[in-house]
Every structure is written in C-alpha cells, then in structure tokens.
Amino acid sequence: RQQQPMTTSSGKSFGSGDYGGLAALTSSGEGGFNSVNYGTTSSGTQINLTSMSIGEVEKLQNKGQVFAVGFAQWIPGNLAMARGAAGLSPTDKMTPENQVKMFWSYILNSNKRPALKNYLLGKSNDLRTAHAEMAREWAAIQGPEGRGYYDNDKAGNFASIQAKRVQQALVNARKQISGT
C-alpha cells in the first residue's frame, strides 16, 4: 500500500492510514472520535470514548447505555467485528488511530461488504456496487442514485455526503490501496 498525505475533516486528524480520505469523508457526516448516540440522530452527543478501552465501549453498547459510537458510528456488533478485523483486543483504547484502523480493517479484512472490499482491492471494477455498499453501511452517505439508504428512517437519518464525493474518494482509495 502506498503512503498518502494526512487527511483531516473538521480539524480531526486521520493520519496517513486514511486511503483516499474515505474515513475523513465518512466522519464528516457520521461524527467525531468521541461521538455517540442513543439510537437516533437527535440524541447525538460527545463522551470521552478515546480514553476508554474498546471493550468498555462494547459493554456500554451491550447494556444499552450507548448505541452508535465513534467517528464511523459503529453500532452494537459492528464495533466488535471492526475490532476483530483490526486485530485489536478489548483492552486496546478507542484512540483516533485505532478507530481509523478499525474502519479500514472492517472494510478490507471482513466480508461484511464484499463488493466494497473487492473494488478497493482492485479485484472488481464495479464502482457503483461498492458505492451502494458504502451507503448501506453508513447512513450519512448518499448512494449512487443521490439519496441515502436510510433517509427518513425512524432514527432520523439523512445522507449528507454527496454521491459524487463518495465516488471520488472510493476511486482515490482504490488507487492508493491497489495501485489500480
């Protein structure tokens, strides 16, 4: 994988591990490193996630004390999947660096969204399906047709990240990851 420049979104540093700026773009609509919600977009707030272990955050989710967490707004189950895909333990901290690592590992090391993974790894040329899978995973992302997969759901989601920006970030990420 090639190195790329540091990417930021709203003053948050995503470091050199953010291929194509896709993590920063996702964060621009989902939240920051300390963002949480309790099941609706209107319940969003900040708690000091970055000082907690990932296991502590998972326990809060399992007890129903928080729902979506971190810049990628992982929901219960998906956070554990992202942690496992990244090779992190429950005792590892929910640092910004680990959140970015989990984001990319969730996409590239799990089979949750195979068309997205295969596109980014250069095993498929189906940008449209990869883009659709991004929109199915993150509510803030407009799908290829220009609307969000979860727009106007009971949680109050509405996609704010324009489809053309997502497609460009996917193309850029693919170039940096696979060289194609």
_Using a 1.4 Å probe on the protein heavy atoms only, what accessible surface does T50 show? Give it in Å² to the nearest 10._
40 Å²
*Quotient of C-alpha Rg and 2.2 N^0.38 Å, computed over the range 86-136*: 1.28
*Report, by chain and number, residues whose modeled amide H sits under 5 Å from the one on W74, excluding near sequence neighbours (fewer than 5 apart, same chain).*
V69
*asked:* I'd like the carbon and sulfur percentage of the solvent accessible area for the chain, probe radius 1.4 Å, heavy atoms only, ligands and nucleic acids excluded.
replied: 47 percent
*Tell me which residues come under 5 Å, amide H to amide H, from G143 once H is placed; ignore anything under 5 positions away on its chain.*
G148, Y149
_Accessible surface, per residue, of the chain when the full set of protein chains is kept, probe 1.4 Å, Å²_ = 46 Å²
*For the range 70-156, what D do you get in µm² per second when you plug the Kirkwood radius from alpha-carbon pairs into Stokes-Einstein at 4 °C and 1.567 mPa s?*
94 µm²/s
*asked:* Compute the distance from the alpha-carbon center of the range 28-48 to that of the range 136-180, in whole Å.
replied: 18 Å
*So what is the orientation-averaged projected area of the range 31-73, using the convex hull of its C-alpha atoms, in nm²?*
2.5 nm²
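Taking each pair of distinct Cα atoms in the chain once, what is the resulting Kirkwood hydrodynamic radius in Å?
16.1 Å
The values are calculated or read from the model by the stated rules, or taken from the named source; none is laboratory data. Every value quoted in this text rests on a predicted model; they were computed, and no experiment measured them. Note: areas computed on protein heavy atoms with side chains; ligands, DNA, RNA excluded. Shrake-Rupley method; radii C 1.70, N 1.55, O 1.52, S 1.80 Å.
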